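Engineer: Please find one structure pasted underneath; my questions will follow.
The values are calculated or read from the model by the stated rules, or taken from the named source; none is laboratory data. Not measured: the values here are computed from a predicted model. With ideal geometry, Cβ positions are generated from the backbone for all residues, glycine too; neighbour counts draw on all protein chains shown. The protein model used for the area step is the full one, side chains on, heavy atoms only, and it has no ligands, DNA or RNA in it. Shrake-Rupley method; radii C 1.70, N 1.55, O 1.52, S 1.80 Å.
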Amino acid sequence: MFLIFGLRTKVNRSGVVQQVCRHCGNHAAQVVTRRSTRFTLFFIPLIPIRTRYAQQCTFCGAEYEIARSDAQRLPVG
């Protein structure tokens, strides 16, 4: 019997917001992304393991995690 399993992370771009960056202090576009990691069996994603939200500055490239509530509250356009 041969079993193929693993983890797969899918990155979805939720949108872009205009905010002041926490790292560089410039008013720039911030890309909001959602990363969900799932357990896969025979390359079929089955069980969600972890979901993280991140925000990345387009000016300096700094990326930091944000809470789910913050990601849903942002005025994404």
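Engineer: Along the charge dipole of the chain, which of T51, F2, Q18 sits closest to the positive end, that is, farthest toward it, with unit charges on the beta carbon of Lys, Arg, Asp and Glu (+1, +1, -1, -1)?
Structural biologist: Comparing the listed Cα positions along the dipole, F2 ranks first.
Engineer: For the chain, what is the relative contact order in percent, using Cα pairs closer than 8 Å and at least 6 residues apart in sequence?
Structural biologist: Working: 156 pairs, mean separation 22.1, N = 77.
Once normalised by length, the contact order is 29 percent.
Engineer: Provide the per residue accessible area, probe 1.4 Å, for the chain, rounded to a whole number of square angstrom.
Structural biologist: 72
Engineer: Which loop chymotrypsin sites (Phe, Trp or Tyr not before Pro) in the chain, with loop taken from DSSP, have no more than 10 other Cβ atoms within 10 angstrom of their Cβ? Display every interim value, and only then the final one.
Structural biologist: Working: sites: F2, F5, F39, F42, F43, Y53, F59, Y64; in loops: F2, F42, F43, F59.
Passing sites in the chain are F2, F42, F43.
Engineer: Next up: Note down the net charge around A29, summing +1 for each Lys or Arg and -1 for each Asp or Glu among other residues with Cβ under 15 Å from its Cβ. Mind showing how you got there, number by number?
Structural biologist: On the way: positive: R13, R22; negative: E63.
Cβ neighbours under 15 Å give a net charge of +1.
Engineer: Tell me, what ³J(HN,Hα) does each residue in segment 62-74 have, in order and in whole Hz, if you take phi through Karplus 6.51 cos²θ - 1.76 cosθ + 1.60 with θ = phi - 60° and put x for Gly and Pro?
Structural biologist: Taking θ as phi minus 60°, the curve returns 5, 10, 9, 6, 10, 6, 4, 5, 5, 5, 6, 7, 5 Hz for segment 62-74.
Engineer: OK, next. Excluding G6 itself, calculate the net charge of residues whose Cβ lies under 15 Å from the Cβ of G6, where each Lys or Arg counts +1 and each Asp or Glu counts -1. Could the numbers behind the result be given before it?
Structural biologist: On the way: positive: R8, K10, R38, R50; negative: none.
Combined, the nearby Lys, Arg, Asp and Glu give +4.
Engineer: Another question, if that's okay. Long-range amide H contacts for S14: which residues qualify at under 5 Å (H placed 1.01 Å from N, peptide plane, sequence gap of 5 or more or a different chain)?
Structural biologist: Amide H neighbours of S14: V32, T33, R34.
Engineer: In whole percent, how big is the carbon plus sulfur part of the accessible area of the chain, probe 1.4 Å, protein atoms only? Walk me through the numbers on the way to the answer.
Structural biologist: Working: 3060 of 5550 Å².
Carbon and sulfur together cover 55 percent of it.
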